[in-house]
Amino acid sequence: MAQMNMVQALNSAMDIMLGRDPSVVLMGEDIGYFGGVFRTTEGLQRKYGEHRVLDTPIAEGGIVGAAIGMAVNGLRPVAEIQFADYIYPGFDQIVSELARLRYRSAGDFTAPVTIRTPCGGGIRGGQTHSQSPEAMFTHVSGLKVVMPSNPHDAKGLLITAIEDDDPVIFFEPKRLYNGPFDGDPNKPAVPWSTHPKGEVPEGHYTVPLGRADIVRAGAQLSIITYGTMVYVAQAAAAALELDAEIIDLRSLVPLDVDAICSSVKKTGRCVVAHEATRLSGFGAEIAAIVQEECFWHLEAPIQRAAGWDTPYPHAFEWEYFPGQARLAAAIRAAMEPA
Amino acid sequence: MAQMNMVQALNSAMDIMLGRDPSVVLMGEDIGYFGGVFRTTEGLQRKYGEHRVLDTPIAEGGIVGAAIGMAVNGLRPVAEIQFADYIYPGFDQIVSELARLRYRSAGDFTAPVTIRTPCGGGIRGGQTHSQSPEAMFTHVSGLKVVMPSNPHDAKGLLITAIEDDDPVIFFEPKRLYNGPFDGDPNKPAVPWSTHPKGEVPEGHYTVPLGRADIVRAGAQLSIITYGTMVYVAQAAAAALELDAEIIDLRSLVPLDVDAICSSVKKTGRCVVAHEATRLSGFGAEIAAIVQEECFWHLEAPIQRAAGWDTPYPHAFEWEYFPGQARLAAAIRAAMEPA
Amino acid sequence: MVRSRLHLPRSPARPGEAPDFSYLELSPAGAVARPQVGARVRDIGPLAVELVRVLDDAGDAVGPWNPHLDAAELQIGLRHMLLTRIFDERMQRNQRAGKITFYVRSLGEEAVSVAQCMALSPRDMLFPSYRNQGLQIARGIPLVNLMCQLLSNTRDPCKGRQLPAMYHSAAGHLFSISGNVATQFPQAVGWAMAAAIKGEDHLAASWLGEGSSAEADFHYALLFAAVYQAPVILNVVNNQWAISTFQGYAGGEQRSFAARGPGYGIAGVRVDGNDFLAVHAVTQWAAERARTGGGPTLIELVTYRAAAHSTSDDPSRYRAKDDAEHWPLGDPIERLKRHLIRLGEWSEERHHALSAELDELVAASWREAVAYGTLNDGPKLDTDLMFEDVFKEMPANLQLQRAMMRAEKSSR
Amino acid sequence: MVRSRLHLPRSPARPGEAPDFSYLELSPAGAVARPQVGARVRDIGPLAVELVRVLDDAGDAVGPWNPHLDAAELQIGLRHMLLTRIFDERMQRNQRAGKITFYVRSLGEEAVSVAQCMALSPRDMLFPSYRNQGLQIARGIPLVNLMCQLLSNTRDPCKGRQLPAMYHSAAGHLFSISGNVATQFPQAVGWAMAAAIKGEDHLAASWLGEGSSAEADFHYALLFAAVYQAPVILNVVNNQWAISTFQGYAGGEQRSFAARGPGYGIAGVRVDGNDFLAVHAVTQWAAERARTGGGPTLIELVTYRAAAHSTSDDPSRYRAKDDAEHWPLGDPIERLKRHLIRLGEWSEERHHALSAELDELVAASWREAVAYGTLNDGPKLDTDLMFEDVFKEMPANLQLQRAMMRAEKSSR
Ligand SMILES: Cc1ncc(C[n+]2csc(CCOP(=O)(O)OP(=O)(O)O)c2C)c(N)n1
Ligand SMILES: Cc1ncc(C[n+]2csc(CCOP(=O)(O)OP(=O)(O)O)c2C)c(N)n1
Ligand SMILES: [Mg+2]
Ligand SMILES: [Mg+2]
């Protein structure tokens, strides 16, 4: 076991896959010589060569389109979109092509492409470096959608994603690259080295898609969340001295409905939390499923804590971010009537 | 009053707006000389000239990008995307630019663009001529999202959309262009001329955004829906001899939460229906809101009837389409326990 | 109101007007020089605006681009083109008769697909558009397979999921056609990049219409091809029309489509798309260039869409009725036929006999295909297939939905 | 493993290597012909690959492109450039000191924005990228406004919603800058189309970096500009680098960026971007062309990004350290200064005095700006503003969320 932050863990996953499988190639803007603006691919071009770790033009649609063609020709591309906010120029190739190639060709052509992209706020990136657009991708049949919350899972999930024969959109909450974050920007940053999930095996291992992680078992309330909000949820529940069960989904598609529903059936109360805009966010789908499946167990309406229905504003980052206060309000509402 | 089908009603809306407001321009693929592949803009170029009704290159991103610039320069473009399935190449300009221009410039620049696009299945168009991607747009702060279900509303809503100073994504359920459709492809087609909502004032009138239409008042169950599914819902409820309240949302953003919630509070039971893929469809948001707002009134879980979580297949159109059987199953589930 | 100064491309002949192709810039057959395959892009600029032609009006093959194909090969080309045309005619009628939901003809453009396919090697990967059925035919895909796709029947290689004409064949190295125009262009470049990375010899080729060249994917493809010097041939089939808009609305009024190539640093060649020999020669040149490390080529094939856009279209609404007959580059089948006859390698009789043979081939194939079902009759695809191939393995939500769908069906 | 044959653009000088600009194709000052403003695109192809230069090494203005600006105008240009540079230096330091979150310098590229802005008329609409602060300064936007934007403070014209450097000014006809590269390009074309439709005289101009020209929006812009012959000037600022990738990764290895223009049927001009006079002359030529119905022009401005990409970047990781000093086209401020001195219209003393004056202007502006608050200190923007301007009128869900946000704040 080694201590790794999330950037190192992701790097290690790609390193291992480049080493094990000659068909794996990395591609993206500034990922080669430079090692990526977040340094996630640092050293990999030097180690595996310019032909396996490709710098690309600044053209997200071209990156995805070319990755599809490369995958059809037997490679296993891992494409980086520099920020999730810049995934939209590649949206058509993802939605119309990548997601549906297996289906439309009855499995005769497939494109095992992994698209990695940093998401979320908390780094003062303003409206174009902070978005969490995962919900849109969950609406597209044929895509798997993953978002890890810690180095251990990040590495295992990324290896799984690369080995997966279906396309995977892999969101990396950039605020977690260097450490867990409980939503309070005024507290000193905590590094991963002090966190158990910062212990990461050096070799190959996988974390399966569709298997949620029960971060904390509890009896009073279920908090269903993923990404950065896992830590905010923990802190908020702790501050309220609640015995909350906190579930880190890890993958949204496939979704671990069983884990969600067994938890809610046990606790009878549910809060869903994500950083993305609330309106039509993935929290809506979770709430819809939970009330469908656990209606008779629910003792109060499911509450959603999420980003507001506005763009992510530069100056009001911490008023936008669904921090502990927003979680606490949602939790309190979900605990009514006591 | 005149009898119009939905194509004529939309044409009339644009005709009136071109006549009233010299800043209104239409643009899109094949919309000018030809009058549009669905003939929605027929005769308008002849009437208003090639400089107000523009044929464009086949480049949806360019269409939206240019429309934004035109709007910034004082025009009020109404852009057609030939099929909603082809809106994705324009996604970046819509999401990153059109939706957020007012916000990021603090209102100093605005782009009152209306994007019209035919959506939905039922015309044997297969996976690339049948999609209903409205949910994605509802997740984008700054966009209004509209889908009419009949000629009367279509005209009034389109006029409202064009006059609106915010960008509007206007979905036209193409299966309804020529008549209401109850989901049974084997029944003879019914023209709008036999339907009261096929009566359309010839002049200018508006239908406000954010105001749902109670298509049928009822006491036993609320069916929340929009677009083509309005008629499927009516037929399914009638077949089950249920006193259902059927709500046609008409606009998804802004959403008439009051109409939805007063209805569900009255009936205690709710089905949400749309043609789009179920997973992360707009039905999830409605279900989430309803359980948040009406939890204590609900007598059974909210049910969703929707397209399956697959692409829209050519050969299995009617197995994919959420027809009366799917609605009936959802309704029955929502009526349990009786 | 102030008078608008916006320029709008002029569409040459609308209904009621006389056909007018005076806008077309032509070169005489044999007039365009044939540069070395390894020539630098900057030295061959004129290739992108002149028009490579081999067959002259008399039907002789002239000039430096003459590919000197032997008669047998020409006869095969003629056969593929004729089969494509007969197949198209028959499928068009089947659509009109309600047997298939939709069809797209390639009338007048048969040389593009057939000659290009024949100039490539069978392991080269082709990324077609919906109007390249000639590629399927020249690659020898059984007509029955194509028809089963059109019928969405029990032998449909797409398992009912695609609109008619969206063929694919993994064995034939023919990529799955998309209903979204142009998306296959950067994919072909990616495929070619992978071939280069793997050190393999195969190249990729892709096709789109001049109208579709307006899409972003056209730009991505040219750019990535230029940056990585990918072994790819990018073809713009300029058949003058994109549904109702003339090629000027895709930028063709200002400049040839081939000229985009040199703009990106890619060889651009403009060729008479109705001249089987010229198309073959230019494609061979580009293929050799790609295979010898010379990088990508953009080919503009100047042709004419003689039929409607598709069975959903009625061109009499937007273009002069007898336009096609005035098209100055003639008909590709007629031209190759005349050439073969002039070579003494063909005759009207043989042509007739071939037509009859192919007619029967198509008819027999159709009889077989319909036996596997049509959308409305005969054996049916299992509706469960709707839920397969969304993912490699069917997830729980789809299994549940499949069960719901089965219940719906049995409730009806 | 087989050896990959994929071509990868060569990056000329990585850390530890000697600077190498031998790849650059230069023309001597005065050598490039100046065609008539109304010349046909096909007749002016060389303009897109040669390099228009006016200032020679001695500092004299030579050749047909000399715009013959009077000394007063040149002095204003010098002042704007110098102010831009001093502003940049100061803001960079403020970022380093933690006063602003992010900054982007335009060091070495000041002539691009300043000369182009001065060659346009004040009502022309500008669609800048994030590295065109010279446009803001040349248009006379008060420094305090720019600084308030950088500070996201109570006088921020963006009301705190945008990252630093994403300026806008409706009064200054400076469009809102986007964090997404290239998106403004087709918008500028649309703006110009609207001007033409309305019969107005104003034109639009837009800027992006050579790296960003890889985006689809670049293609859309060229295409729409060509089709509708929009009165627009599209500028590619080729400063050789896009963060860590060299211009070859945007296609510049094969061909100049200006050459894309003629590929689309648009006039393309390649100009020495560090030559104030040449940039001014070329822009004036393009503006006259646009205003007289000659359509769009694509200008490539060859320059060098002498500083880091932004304050988040460290170029010593990916390029030779003293690269900038070897840049063969010199420094735009130095070159204009030398010219003015040679004309007898400037001196080292005046330059010193001007520098001091502008230093003080920037310092005083900053003192004023911080008085309106910084992200961390002083008066604060009302957080309610987060919910405004999403729509023209605030819908119910946002009103509710605003109330929730207020409650959150008071709970802390
Ligand atoms: C992304 C997208 N936009 C629009 C369409 C609708 N459409 C289908 S074919 C076509 C015209 C294409 O014309 P062209 O590229 O010239 O090809 P041709 O039909 O002439 O062979 C259009 C607009 C589409 N299929 N995909
Ligand atoms: C759509 C999009 N993709 C990626 C980025 C990230 N990004 C910002 S600037 C930049 C480099 C741009 O280089 P260039 O266009 O040459 O401009 P320069 O910085 O040199 O002025 C990149 C990759 C972005 N802002 N938007
Ligand atoms: Mg065409
Ligand atoms: Mg640059």
remark   = Shortest first and in nm, the label-point separations between A:PRO201 and its counterparts in the other identical copies (7 Å out along Cα→Cβ) come to 7.1
note = Charge tally for neighbours of D:GLN95 with beta carbon under 13 Å away, counting Lys, Arg as +1 and Asp, Glu as -1, is +3
key: the range B:1-75 and the range C:1-77: distance between their alpha carbon centers, rounded to Å   = 35
note = If every Lys and Arg gets +1 and every Asp and Glu gets -1 at its Cβ, then about the Cα centre chain B yields a dipole, in debye to the nearest 20, of 220
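Determine, for each peptide in D:81-90, C:354-363, the mean count of other beta carbons within 10 angstrom over its residues, then list the peptides with the highest first.
Highest to lowest by the protection proxy: D:81-90, C:354-363.
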ask   = Taking the axis about which chain C rotates onto chain D, which residue of C lies nearest it as judged by Cβ position, and how many whole Å separate them?
value = C:GLY263, 1
D (Stokes-Einstein, µm²/s), Kirkwood Cα radius, the range B:213-335, 1.567 mPa s at 4 °C = 92
key: Cut-off under 5 Å, modelled amide H: who pairs with C:TRP327 long-range   = none
message = Looking at chain C as a GNM with Cα springs under 10 Å, which of C:ARG96, C:ARG139, C:ARG319 has the largest mean-square fluctuation?
response = C:ARG96
note = One quarter of the C-alpha convex hull surface, i.e. the mean projected area of the range C:180-237 in nm², amounts to 3.4
ask   = What is the range D:257-333's relative contact order, in percent, from Cα pairs under 8 angstrom and six or more apart in sequence?
value = 32
query = Which of the pairs B:LYS187/C:LYS321; C:LYS99/C:LYS409; B:LYS155/C:LYS99 have their Cα atoms more than 27 Å apart in this structure?
reply = B:LYS187/C:LYS321; B:LYS155/C:LYS99
Inter-copy separations for B:HIS297, label at 7 Å along Cα-Cβ, nm, ascending = 2.7
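How many percent of DSSP beta bridges within the protein assembly as shown run antiparallel, rounded to 5?
In the protein assembly as shown, DSSP labels about 15 percent of beta bridges as antiparallel.
Return the Rg/Rh value of the range D:5-139, two decimal places, where both radii are evaluated on C-alpha atoms and Rh is the Kirkwood radius.
My calculation puts Rg/Rh at 1.03.
When Cβ neighbours within 10 Å are restricted to other protein chains, what is their mean count per residue of peptide A:105-118?
Numbers: counts 14, 13, 5, 10, 7, 2, 2, 1, 1, 0, 0, 0, 0, 0.
That average works out to 4.
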query = Could you give the angle, 0 to 90 degrees to the nearest 10, between helix A:151-163's Cα long axis and the longest principal axis of the Cα atoms of chain A?
reply = 50
request  = Could you work out, residue by residue across A:125-133, how many beta carbons of other chains sit within 10 Å of that residue's beta carbon, and then give the average as an integer?
outcome  = 6
note = Summed over the other residues with a beta carbon less than 10 angstrom from that of C:VAL62, with K and R at +1 and D and E at -1, the charge totals -1
request  = Given the options A:THR41, A:THR160, A:THR194, state which has the largest fluctuation in a GNM of chain A using a 10 Å cut-off (strictly under) for Cα springs.
outcome  = A:THR194
Contact order relative to length of chain A, as percent, for alpha carbon pairs under 8 angstrom and 6 or more apart = 16
inquiry  = Using helices alone, I'd like the mean residue ellipticity at 222 nm for chain C: each DSSP H run of four-plus residues gives -39500 (n - 2.57), total over residue count, nearest 500.
reply    = -12000 deg cm²/dmol
request  = Would you please classify the overall shape of the range D:1-59 from the alpha carbon gyration tensor, given that a ≥ b ≥ c denote the square roots of the eigenvalues, rounded means a/c under 1.5, and beyond that prolate means a/b larger than b/c while oblate covers the rest?
outcome  = oblate
ask   = Taking the Cβ of C:HIS173 as the center, what net charge do the other residues with Cβ under 10 Å away carry, scoring Lys and Arg +1 and Asp and Glu -1?
value = +1
ask   = For chain D, what's the relative contact order in percent, using C-alpha pairs closer than 8 Å and at least 6 residues apart?
value = 23
key: Helix A:324-334 vs. chain A, principal-axis angle (Cα, 0 to 90°, nearest 10)   = 50
request  = Report, as an integer, the average count of C-beta atoms from other chains found within 10 Å of each Cβ along A:321-327.
outcome  = 3
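Rounded to the nearest 0.05, what FRET efficiency do B:MET1 and B:ASP21 have when you use their Cβ-Cβ distance and R0 = 22 Å?
Result of the calculation: an efficiency of 0.40.
I need the GluC sites (Glu not before Pro) found in the range A:265-322, filtered to DSSP loop residues with at most 16 other beta carbons within 10 Å of theirs.
A:GLU299
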task = Under a 10 Å cutoff between Cα atoms, tell me which one of C:LEU150, C:LEU163, C:LEU135 has the largest fluctuation in the Gaussian network model of chain C.
result = C:LEU163
ask   = Å³ per residue of the Cα convex hull, for the range B:161-281?
value = 133
query = At B:ARG39, label 7 Å along Cα→Cβ: distances to the other copies, nm, ascending?
reply = 6.5
remark   = The percentage of Cα-Cα pairs in the range C:41-381 separated by more than 34 Å is 20
query = What base-10 log of the normalised intensity I(q)/I(0) is obtained for the protein assembly as shown from the Debye formula, alpha carbons as equal point scatterers, at q = 0.05, 0.06 Å⁻¹?
reply = -0.37, -0.54
task = Give, to the nearest whole percent, the P(r) tail of the range D:202-361 beyond 18 angstrom, counting all Cα pairs.
result = 65
task = May I ask what percent, to the nearest 5, of DSSP beta bridges between residues of chain D are antiparallel?
result = 15
message = Please compute the modelled spin-label separation between C:GLU349 and D:ALA33, points set 7 Å along Cα→Cβ, answer in nm with one decimal.
response = 6.2
query = Based on DSSP, what percent of beta bridges with both residues in the range A:213-335 are antiparallel, to the nearest 5?
reply = 20
Cα-projected label distance for A:ALA189 with D:GLN399, points at 7 Å along beta-carbon direction, nm = 4.2
request  = Return the whole-Å distance between the Cα centroid of the range A:83-142 and the Cα centroid of the range A:273-338.
outcome  = 23
message = Percent of Cα-Cα pairs more than 38 Å apart in chain A, please.
response = 12
ask   = How far is the Cα center of the range D:275-353 from the Cα center of the range C:233-273, in Å?
value = 35
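A short reminder: the numbers here are calculations on the coordinates, not readings from a lab. On a predicted model such as this, the values are computed, not experimentally measured, just so you know. Counting neighbours? That spans all protein chains shown, and the Cβs are built from the backbone with ideal geometry, glycine included.
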